[in-house]
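Asks: Dropping a structure here in structure tokens format, bear with me for questions.
The values are calculated or read from the model by the stated rules, or taken from the named source; none is laboratory data. What you see is a predicted model, and the numbers here were worked out from it, not measured in a lab. Glycine gets a Cβ as well: all are built from the backbone with ideal geometry, and neighbour counts include every protein chain shown.
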Amino acid sequence: MRQFEILKLTRQYLLNDIKDLTVEQLNEIPAGFNNNIIWNLAHMLATQQGICYARAGIKLIIDQDFFDAYKPGTKPGKFVDADEIAAIKTMFIAMIDQLEIDYKNNAFANFTPFTNRYGFEHRHIDDSINFVLYHEGIHFGIINAMMKLMKK
């Protein structure tokens with residue numbers, strides 16, 4: 001499925017884009033925003049887990065505390081240190097690889113259809129994977145806007 005390739009390429013590009021940012025810059029909340037770059041990355045992980053794994057009744061790959069801290073509707077609650085940033089960056093690609101493995105192994109057979117807050121119908125896992133692409137595009141744009149503000 002081409003979506004996995006696109007997700008990996010997008011996430012790799014984003015990781016490359018932020019590789020030279022400091023821990024402080026990743027935690028900085030620029031004027032006009034209510035979150036920061038590292039929150040956006042972690043939020044992308046939590047959202048993917050929620051709409052793919054939770055909706056299929058599969059245990060999340062991330063722990064529940066991480067999910068609760070970064071799920072939709074949250075904001076940065078703490079300074080994220082270098083160790084947690086490294087873990088988030090590692091999970092950023094690994095979780096797409098695992099999603100692809102689980103998809104190929106038909107792990108999402110018990111997916112429960114739902115309509116998200118944007119009115120997007122998730123009838124099966126393919127719809128959720130397509131939504132992940134859309135959602136990550138939004139956050140990719142937000143991160144790029146934050147980085148432009150930081151360079152001024």
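Asks: Take Ala42 and decide whether it is part of a helix (DSSP H, G or I), crowded, with 16+ Cβ neighbours inside 10 Å, without any contact (Cβ under 8 Å) to a residue 40 or more places away in the chain and not basic (Lys, Arg).
Replies: Criteria not met by Ala42.
Asks: Among the listed residues Ile51, Ile101, Ile88, which satisfies the condition of being assigned to a helix (DSSP H, G or I), at pLDDT 95 or above, within 22 Å of Asn16 (Cβ to Cβ) and β-branched (Val, Ile, Thr)?
Replies: Of Ile51, Ile101, Ile88, the one residue that is assigned to a helix (DSSP H, G or I), at pLDDT 95 or above, within 22 Å of Asn16 (Cβ to Cβ) and β-branched (Val, Ile, Thr) is Ile88.
Asks: Given (1) within 17 Å of Asp17 (Cβ to Cβ); (2) surrounded by 13 or more Cβ atoms within 10 Å (Cβ to Cβ); (3) within 13 Å of the chain's Cα centre (by Cα), where does Gly137 come up short, assuming only one miss?
Replies: Of the numbered conditions (1) within 17 Å of Asp17 (Cβ to Cβ); (2) surrounded by 13 or more Cβ atoms within 10 Å (Cβ to Cβ); (3) within 13 Å of the chain's Cα centre (by Cα), the odd one out for Gly137 is (2).
Asks: Continuing with the same structure: Take the residues in the stretch 1-32 that are part of a loop (DSSP other than H, G, I, E, B) and surrounded by fewer than 16 Cβ atoms within 10 Å (Cβ to Cβ); name whichever of them is modelled with the lowest pLDDT.
Replies: Met1
Asks: Would you check if there is a residue in the stretch 118-130 being of a type outside the set (S, T, N, Q), in contact (Cβ under 8 Å) with a residue 24 or more places away in the chain and farther than 14 Å from Cys52 by Cα?
Replies: no
Asks: Tally up the residues in the stretch 102-122 that are under 22 Å from Lys71 (Cβ atoms) and basic (Lys, Arg), please.
Replies: 1
Asks: Let me ask you something else. Say whether the condition of being modelled with pLDDT under 95, out of contact with any Ser or Thr (no Cβ under 6 Å at 6 or more places or on another chain) and hydrophobic (A, V, I, L, M, F, W, C) is met by at least one residue in the stretch 114-122.
Replies: Yes, because at least one residue in the stretch 114-122 is modelled with pLDDT under 95, out of contact with any Ser or Thr (no Cβ under 6 Å at 6 or more places or on another chain) and hydrophobic (A, V, I, L, M, F, W, C).
Asks: Among the listed residues Phe108, Phe79, Phe92, which satisfies the condition of being touching a residue at least 24 places away in the same chain (Cβ under 8 Å) and closer than 13 Å to Leu45 by Cβ?
Replies: When all the criteria are applied, what remains is Phe92.
Asks: I'd like the residue in the stretch 97-124 that is among the basic types (Lys, Arg) and either more than 21 Å from Leu7 (Cα to Cα) or surrounded by 11 or more Cβ atoms within 10 Å (Cβ to Cβ) (or both) and, out of all such residues, is nearest to the chain's Cα centre (by Cα).
Replies: Arg117
Asks: For the stretch 92-106, what are the residues that are out of contact with any Lys or Arg (no Cβ under 8 Å at 6 or more places or on another chain) and not aliphatic (A, V, I, L, M)?
Replies: Matches in the stretch 92-106: Gln98, Glu100, Asp102, Tyr103, Lys104, Asn105, Asn106.
Asks: Determine, yes or no, whether Asp127 is surrounded by 15 or more Cβ atoms within 10 Å (Cβ to Cβ) and of a type outside the set (Lys, Arg).
Replies: Against the criterion (surrounded by 15 or more Cβ atoms within 10 Å (Cβ to Cβ) and of a type outside the set (Lys, Arg)), Asp127 qualifies.
Asks: Would you confirm, using the coordinates I've provided, whether Phe66 is in contact with a strand residue (DSSP E or B) (Cβ under 6 Å, 6 or more places away or on another chain) and either on the phi > 0 side of the Ramachandran plot or among the hydrophobic types (A, V, I, L, M, F, W, C) (or both)?
Replies: In short, no.
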